[in-house]
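A.B. asks: Supplied in structure tokens, the structure appears directly below.
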Amino acid sequence: MRQDYLLEVRKPGQYTGGEWNAFSKPFEKAGITFALCFPDLYEVGMSNVGMRIIYDALGRIDDVACERFFSPGMDLEHILRTRHEGFTSLESGRRLGEFDCIGFCLSHELNYTNVLNMLELGNIALLSEARNAQDPLVIGGGPCTLNPEPLHAFFDAFVIGEGEEVAAELIDVLRRYKTAFRESKMSKAELLQAFAGIEGVYVPSLYKVSYDEQGRLVEFAPKALEVPAVVKKRFVPDLESTPYPTRWMVPYVQIIHDRAALEIMRGCPNRCRFCQARTHYFPYRLRTPETIMRLAKELYRSTGYEEISLFGLSVSDYPGIEGLVESLVDNFKEEAVSLSLPSMKPRLVAGRLSSLVARIKKTGLTFAPEAATERLRSILGKDFDEEGFFKVLQEAFVHGYQNIKLYFMIGLPSEEESDIEEIVRLGTRVSEARRKAVNRPARISLSVNALIPRPHTPFQWMRMEDRARLQSKFAILKERTSRLRFSFSYHNLDMSFLEAVLARGDRRLSGVILHAFTHGARFDAWQDMFRFDLWEEAFRANRISPVWYVGQRHRQELLPWDFLDTGVSKSALRKEADAAGVLNDTSPSTKSDCNSRR
């Protein structure tokens, strides 16, 4: 990309590359070239730990040149399109089409149109079937691959689960067959079948599907005996010995999480019924305190960051978290390096932990009750001790904390209006708890989102509550919190609805995604860019009812993601769904038809 164009765009530093600790390998000498793509802005992608882990894993392979691409902002996209400029990498300025393989980090369903935009800007055919031996192979990985079907038409393959080891195995296969493939001595189908032989790799073109008259999936089967009927999710068995990117890139512009992140665990010992992340990162694994301390020192030496964030699904469940934090605080006290921790469990913040963190930096505390009543928390499987929570708050307020952020969900099974009122009452009690401790109320931030019943969770059979009812509940919360001067935020309901449709979708949604993109959909995860009217038209054009996808599913129904073995069985999910009371034993109504203009 010509540097003079950067004078015309916002935050030009996000397009220059050359960050501290970025890899720099000669592109021409590489045996395999890999374009690592994140379908959102640089400031978002560079805050993604998974993206950094894969970049580091590929960068460690001697003959691989791994280079990064991020979604360009709308200003740069306009320049690229109107001036016919190439979409190029940050490392060497190579065009996307020059790479052997393109890998997308798929972390959010509302980024799907950005995937297509990046391919189009790189002059790459959007449909997998339209790409030949001279085109890059397009592979997807990340949390969204727990149901990759809505993207099936655009990708050659998907990595299901954790990618560090799979990435190296894919490179081995490509290295072995690259010459034969490029010289058309090996067909693309043959190469993809070799990919499918790697555990954890799903090749959608090797499977056939069919639906009944109401749109329910009735067949999902491999086209050949050599293709696995079930794709097993990959995971790194020994986290302790798995390399971690301590050569942490330091951007020249501010990003969303502008600090060093240290992953101390993967998976989660809890069994929250709404949580898909637990399944994606299952099983539960830990790094030892000794390894964590070593990695923390390496991160500090290689970056100079003055903040280290401990990273994991439930950091407060790490065994001996108090001792670990105390050791880290003591080690970095001379450098005044602060620690940040994500949402914490009340019973595990009690004692020394809050005072330890406060010794360096008094940040706010974040908790996720998810529901304000014990009845709903029991349905969610959420472990939240309210009595212990208020004991922790008293201690935290004495140590100088004043900002408390609380996360809740609405649209829960059996939820009533009184449960919504309890969210406000709980926030009020938190504020008053600080008044009792230090004679001043706490600053309360309530973040409330609609429950999305996601695949591979006990709620996957449950219907999502309709938008009108959700909107009325948000209206109650907005009115009540306005009187109390709480900070109140909630997710756009149309965005949540679309996210649910794409998360629970099947292959027929590829046409919807393509239509929405070609008619202007971009940055759907950004509220100021989101245009639901484009998606409504895309559903109509494809004669598909989006409401059908968020409806109730039958316990015996074949679901679009059932071919994936995540390590958590469907029978175990059914048992949990029964305990939560969200399963419906009656067959879905034949009036509920996917193929509709509604």
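The values are calculated or read from the model by the stated rules, or taken from the named source; none is laboratory data. Being a predicted model, the structure only gives us computed values, none of them experimental. Cβ coordinates were reconstructed from backbone atoms using ideal geometry, including for glycine residues, and neighbour counts include every protein chain displayed.
A.B. asks: From the list D75, D62, pick out the single residue that is closer than 13 Å to Y15 by Cα, of a type outside the set (A, V, I, L, M) and either part of a loop (DSSP other than H, G, I, E, B) or in contact with a helix residue (DSSP H, G or I) (Cβ under 8 Å, 6 or more places away or on another chain) (or both).
C.D. replies: D75
A.B. asks: Give R454, R434 a once-over and let me know the one that is at pLDDT 95 or above and either closer than 18 Å to L380 by Cα or not hydrophobic (A, V, I, L, M, F, W, C) (or both).
C.D. replies: Checking each option against the conditions leaves just R454.
A.B. asks: Exactly one condition in (1) in a helix (DSSP H, G or I); (2) over 17 Å from A57 (Cβ atoms) is false for L295; which is it?
C.D. replies: Failed condition: (2).
A.B. asks: What tally of residues in the stretch 366-377 results from selecting those that are over 19 Å from D317 (Cβ atoms) and not basic (K, R)?
C.D. replies: 5
A.B. asks: Another one. Mind telling me which of the residues R440, R483 ends up being modelled with pLDDT under 95 and not in a helix (DSSP H, G or I)?
C.D. replies: Going through R440, R483 in turn, the sole match is R440.
A.B. asks: Give me a count of the residues in the stretch 57-86 that are of a type in the set (D, E) and within 21 Å of P136 (Cα to Cα).
C.D. replies: 4
A.B. asks: Next question, about the same structure. Condition first: part of a loop (DSSP other than H, G, I, E, B), over 24 Å from H456 (Cβ atoms) and not basic (K, R). Now tell me which residues in the stretch 530-580 satisfy that.
C.D. replies: F530, N542
A.B. asks: Could I ask something else about it? Which of the residues spanning the stretch 395-417 are part of a helix (DSSP H, G or I) and either free of Cβ contacts under 8 Å to residues at least 12 places away in the same chain or surrounded by 15 or more Cβ atoms within 10 Å (Cβ to Cβ) (or both)?
C.D. replies: E395, A396, F397
A.B. asks: Which numbered condition trips up E326, out of (1) more than 24 Å from the chain's Cα centre (by Cα); (2) modelled with pLDDT of 90 or more?
C.D. replies: All conditions pass for E326, except number (2).
A.B. asks: Next question. Outside the structural domain of P72 (by TED's automatic domain parsing) and either part of a loop (DSSP other than H, G, I, E, B) or within 30 Å of S414 (Cβ to Cβ) (or both): is that true of D524 in this structure?
C.D. replies: It is true that D524 is outside the structural domain of P72 (by TED's automatic domain parsing) and either part of a loop (DSSP other than H, G, I, E, B) or within 30 Å of S414 (Cβ to Cβ) (or both).
A.B. asks: Continuing with this model, one more query. In the stretch 22-56, which residues are out of contact with any strand residue (DSSP E or B) (no Cβ under 6 Å at 6 or more places or on another chain) and among the polar types (S, T, N, Q)?
C.D. replies: Residues satisfying the conditions are S24, S47, N48.
A.B. asks: May I ask you to say which residue of L509, L502, L484 is of a type in the set (A, V, I, L, M) and more than 21 Å from the chain's Cα centre (by Cα)?
C.D. replies: Every option except L484 fails the conditions.
A.B. asks: Now for a separate question. Could you tell me whether any residue of the stretch 107-115 is surrounded by fewer than 24 Cβ atoms within 10 Å (Cβ to Cβ), of a type outside the set (S, T, N, Q), under 27 Å from T145 (Cα atoms) and in contact with a Gly (Cβ under 6 Å, 6 or more places away or on another chain)?
C.D. replies: no
A.B. asks: Can I ask one more? Return the residues of the stretch 195-216 that are buried (at least 18 other Cβ atoms within 10 Å of the Cβ) and not in a loop (DSSP other than H, G, I, E, B); say none if nothing qualifies.
C.D. replies: F195, A196, V201, Y202, P204, S205, L206, Y207, V209, listed by residue number.
A.B. asks: Being out of contact with any Gly (no Cβ under 7 Å at 6 or more places or on another chain), more than 25 Å from Y42 (Cα to Cα) and modelled with pLDDT of 95 or more is the requirement here; does S472 meet it?
C.D. replies: Judged against the criteria, S472 is a match.
A.B. asks: Let me ask something additional. For the stretch 463-512, which residues satisfy the criterion of being more than 21 Å from L110 (Cβ to Cβ), of a type in the set (A, V, I, L, M, F, W, C) and crowded, with 18+ Cβ neighbours inside 10 Å?
C.D. replies: L477, F486, F488
A.B. asks: Let me ask something additional. Quick one: how many residues across the stretch 80-138 are more than 27 Å from the chain's Cα centre (by Cα) and either at positive phi or assigned to a loop (DSSP other than H, G, I, E, B) (or both)?
C.D. replies: Number satisfying all stated conditions: 12.
A.B. asks: Something else now. Looking for something under 30 Å from M462 (Cα atoms) and assigned to a helix (DSSP H, G or I) - is there at least one such residue anywhere in the stretch 231-239?
C.D. replies: Checking the stretch 231-239: not a single residue is under 30 Å from M462 (Cα atoms) and assigned to a helix (DSSP H, G or I).
A.B. asks: I would also like to ask the following. For the stretch 524-534, state whether one or more residues are over 19 Å from C594 (Cβ atoms) and polar (S, T, N, Q).
C.D. replies: There is at least one residue in the stretch 524-534 that is over 19 Å from C594 (Cβ atoms) and polar (S, T, N, Q).
Per-residue answers, yes or no, for (1) crowded, with 19+ Cβ neighbours inside 10 Å; (2) on the phi < 0 side of the Ramachandran plot; (3) in contact (Cβ under 8 Å) with a residue 40 or more places away in the chain; (4) not in a loop (DSSP other than H, G, I, E, B):
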| site | (1), (2), (3), (4) |
| --- | --- |
| Y5 | no, yes, yes, yes |
| S24 | no, yes, yes, no |
| E28 | no, yes, no, yes |
| C37 | yes, yes, yes, yes |
| V44 | yes, yes, yes, yes |
| I53 | yes, yes, yes, yes |
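A.B. asks: Condition test on F158, is it assigned to a strand (DSSP E or B), in contact (Cβ under 8 Å) with a residue 24 or more places away in the chain and in contact with a helix residue (DSSP H, G or I) (Cβ under 6 Å, 6 or more places away or on another chain)?
C.D. replies: In short, yes.
A.B. asks: Moving to a separate point now. Do we have any residue at all in the stretch 492-503 that's outside any loop (DSSP other than H, G, I, E, B) and over 30 Å from R271 (Cα atoms)?
C.D. replies: Among the residues of the stretch 492-503, not one is outside any loop (DSSP other than H, G, I, E, B) and over 30 Å from R271 (Cα atoms), which makes the answer no.
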